[in-house]
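Beneath this line is the structure, given in C-alpha cells, with notes to follow.
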Amino acid sequence: ELEQQNRDIDEELQVNNSPNYDSEEFAWARSLRTAMRETFKIKEYRLCQRAVCNANVDGRDIVCVMPTGGGKSLTYQLPAFCGTGVTVVISPLISLISDQIMHLKELNVLAAKLTGSTSASESQQIHDRLENLIHGRPDRHLALLYVTPEKLSKSANFRALLQELADNRKLERFVVDEAHCVSTMGHDFRTDYRELNILRKYYPSVPIMALTATCPPKVLDDLVEVLCLKPICKGNKLDGTLYFTAPLYRPNLHYSVLAKPPQSKKAYSILVEYILEHHEGHCGVIYCTSKKQAEEVATSLQEAGIKTGFYHAEKEEHEKESLHGQWRRGEIKVICATTAFGMGIDKQDVRFVIHHSISKSLDGYYQESGRAGRDGKDADCVLFYRPQDAWTLAGMVNSPTGNERLFPMFNFVHDAVECRRLQFANYFSHSAELALSAWGNDAMDPCGHCDNCIRSGSEKEGRDVTLEIWQLVKLMQAVCVCGSRYTAQQIVELARKGATRKNASAETVDMERVCGGLIKLDKEDIEFLLVWMWTKGYVAVKCQQNQYGTNVYISAGSMAAQLLPWSKEEVSGSGCMMVTFLPKSRKEKITPNGKEKCREVVVDDYDEDAMFADDEVEITYL
Ligand code: ADP
Ligand code: MG
C-alpha cells in the first residue's frame, strides 16, 4: 500500500511539477556554462540566474524580479546566444538599448537594434539577416534584437516579419525589460508598454519573459494581465508563468534618512558638507525633484570644488551622451539629476546615491537608490527629508492613484524605528510564500547597519501625540468651513500661534475654545504629524491649479470623525497614537559605509518674525 502511495506521489510529481531549474541536469547545461565563461566572461551564476536561464531555454513564460545591478541581462542574453533563433528584447529607452548593444559588441555577441532612429540601410541589413534566419541560409547568428515598444506597435512590416520568424520557429522569446513600465501602479508608467498585449495576441506560441527590479503585488497583477501571461504558478507547476525573484536587499547598501533643513540654501550646504566629509572624490548621484533643483544643487557642488554635472529630460540628446561619457570616464564625479537619469545605467563604482527630496513612490526610491554599489562594495543611500516636500509632491502628483503610491514612501521616511531592510521586505513581498523564497531563512532579520538599526533604543521611543492629533483635527474642522481653504503651512501657524495670514490679511483663531489651546510642538514636528495624518486618513488633501503652479490645501479627513467625539481630557496622555519623530535638533548620526559617525547639527527654533513670510522660513543653524 505504501509503495503504491509512493508511486502515486512520484507520478504526480512528474506530471505536475516543473523540473528543478536551479540545477545542471539539463542537456544544455554545459553549453550555457561554457558560453557564460568564455563569451560573457562571467565565472559563476549568481542569485537566481541559473534557474532563470534554464527556464528560458525550456520555453517558459517568466517574470523575473532581481535587484538593480543583479544581472538580469545575462538571464536572457546567455540563452539567446546559445539558441539558434532570435530573441526580441523590448526596452523603453534608446540609451538603455545602446548601452546593451555596446556591451554585447565588446563580448563579440551579434546584436542589433531597431528604433525610430535606425537608418534605412541598417534596417535593411537587419531585415536581410532575419530573412536568412527564416530560410536557413548561412549567416552570422543574430542572437538579440532590441526594439522600442513604439517600433512594435507602429510598424506593420516589422510585425509581419516577426510573424514569419515565429511561424518558422526562429523567434525564441520576447523579453520585456523594465516591465514595471506596463503598470500605472509602477513608478514609471509608459503608454507604449500598454500595447504589448499584442505579443501574446499575434504570437501565441512565443514565450514571454518580463524583467524588473521592482514589482509590488499590484504591479505584478498588471503585468500578468497586460502581457496576457498565464497565471503565476505556485509550487513549480508545469503550466503557468514562473516567478523568480532574488534577495531584494543588497547588504552593501547602507540606507539612512536624514532631516533636511527647511531652507533651500541650508539644505544645499548640508549636502555639500556631507559629500566632502564622507565621499570626497567618489562617484555619486543626487536625485532632485525638478530640473531647477538639479541645476541649483549642481551649482552648490561646483562652488565647493566638486566636479558635478546636471541631467534632466529636456537636455539635448548629444548633451546627455557627452555627460554620460564624462561620468563613465570619471571626469565628472557627481551627477545631479531628475529621475530621467539612470534607468539601467551600468556604472559599477557609484559610492553614494543621495535623494535631495523624496521620490514619488517607494518603488522609484528603491530603483534609484539601487544604482549605488553595483560592484558589491559599500555604498551609502541617503535620503534627505522635510515634511514640506511631501506637500510639494502631492501638488505634482495630484491624483488618487498617485497619492496611493506616495504613502509607502512617506511611511518609509517617517519610520524611524524599523530596519530599512524589513521595511522594503514588507513592502515588496507578495505573500508569505513568495516572501520566504525571496528572502531566504533570515528573511526577517534586521540588517544591522541602516540608520534605524544603529539608532539607540531611547531615540526610537515613541511620543504620545494623541492630544496633538485631536487638536489638529478639531482645528481643521473649525476653520475649514464654507469653502475656506488652508495650506499645511497655514494650519501649522494657526496651531502654534492661533494666527496666520490669509489673502493678505491676518486671521486669528481662538485656540482655547476650538481645541483647548495652542499646540506645543515645533513647526517641523507639526508638519511631520500632518503628513503622517494624511497617510492615516485624518487629513484630506485637495489640489488647486493656478497660474503659478499648484496649491495644496488640507482639511480634516474621513477618519477624523472617529476622534471628534472625544474630550480633551480623554485624549490627553491616552497613548493611543505614538509617533517617533526623525532626530533633527539632536545629534545626527550619519553612517558612511556602515561605520558609525556622529556629527552635531543643532537647529534653532524658527525666527518668529519670519513666520509670515510666504515661502521659505529662515532657520538658523548654530
Ligand atoms: P540589471 O539586473 O540591473 O539589468 P545587469 O544585467 O545590467 O543588471 O548587470 C549588472 C552588472 O553585473 C553587469 O556589469 C554584468 O556584467 C554583471 N554581472 C551579471 N551577472 C554576473 C555574475 N554572475 N557574476 C559577475 N558579474 C555579473
Ligand atoms: Mg537591466
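Which residue is surrounded by the fewest Cβ atoms within 10 Å (Cβ to Cβ), if the candidates are limited to the stretch 43-69 and must be of a type in the set (Gly, Ala, Ser) and more than 19 Å from residue 252 (Cβ to Cβ)?
59
Quick check on the stretch 48-80: of everything there that is at pLDDT 95 or above and of a type in the set (Ser, Thr, Tyr), which residue is nearest to ligand 1 (Cβ to nearest atom)?
Result: 73.
Would the stretch 217-239 turn up any residue that is within 16 Å of ligand 2 (Cβ to nearest atom), more than 15 Å from residue 61 (Cα to Cα) and of a type in the set (A, V, I, L, M, F, W, C)?
no
Inspect all residues belonging to the stretch 125-147 and state whether any of them is more than 16 Å from ligand 1 (Cβ to nearest atom) and closer than 30 Å to residue 245 by Cβ.
So far as the stretch 125-147 goes, yes, one or more of its residues are more than 16 Å from ligand 1 (Cβ to nearest atom) and closer than 30 Å to residue 245 by Cβ.
Looking only at strands (runs of 3 or more DSSP E) that lie completely in the stretch 519-622, which have at least 3 residues being modelled with pLDDT of 75 or more and among the hydroxyl-bearing types (Ser, Thr, Tyr)?
Per the criteria, 549-556.
Is there a residue being buried (at least 22 other Cβ atoms within 10 Å of the Cβ), in a helix (DSSP H, G or I), away from ligand 1 (no atom under 12 Å from the Cβ) and more than 25 Å from the chain's Cα centre (by Cα) anywhere in the stretch 81-97?
yes
Residue pairs, Cβ under 8 Å, 6 or more apart or interchain, first in the stretch 89-105 and under 11 Å from residue 73 (Cβ atoms), second buried (at least 19 other Cβ atoms within 10 Å of the Cβ) and among the aromatic types (Phe, Trp, Tyr). List them.
Here the result reads 89/76; 89/146; 89/174; 91/146; 100/146, each pair linking the stretch 89-105 to a residue that is buried (at least 19 other Cβ atoms within 10 Å of the Cβ) and among the aromatic types (Phe, Trp, Tyr).
Being touching a residue at least 24 places away in the same chain (Cβ under 8 Å), closer than 18 Å to residue 94 by Cα and among the aliphatic types (A, V, I, L, M) is the requirement here; does residue 298 meet it?
In short, no.
Here is a list of conditions, (1) among the β-branched types (Val, Ile, Thr); (2) at pLDDT below 90; (3) in a helix (DSSP H, G or I), and residue 275 meets all of them except one; can you say which number that is?
So residue 275 meets the others, but not (2).
For the stretch 30-47, how many residues meet the condition of being modelled with pLDDT of 95 or more and not basic (Lys, Arg)?
Qualifying residue count, the stretch 30-47: 8.
Would you be able to tell me the number of residues in the stretch 276-295 that are more than 21 Å from residue 370 (Cα to Cα) and either of a type in the set (Lys, Arg) or buried (at least 19 other Cβ atoms within 10 Å of the Cβ) (or both)?
3
Pairs only if they're at least six apart or on different chains, beta carbon under 6 angstrom, first in the stretch 240-251 and hydroxyl-bearing (Ser, Thr, Tyr), second at pLDDT 80 or above and assigned to a loop (DSSP other than H, G, I, E, B); list them, first residue then second.
Final answer for the pair search is 241/61; 241/229; 241/230.
Filter the stretch 156-176 down to the residues that are over 23 Å from residue 100 (Cα atoms) and outside any helix (DSSP H, G or I) and list them by number.
168, 169, listed by residue number.
Just the residues that are free of Cβ contacts under 8 Å to residues at least 40 places away in the same chain and not in a helix (DSSP H, G or I), please, taken from the stretch 139-154.
139, 140
The values are calculated or read from the model by the stated rules, or taken from the named source; none is laboratory data. All figures in this text were calculated on a predicted structure; none of them were measured in a lab. Quick reminder, even Gly has a Cβ in these numbers, built from the backbone with ideal geometry, and neighbours come from all protein chains shown.
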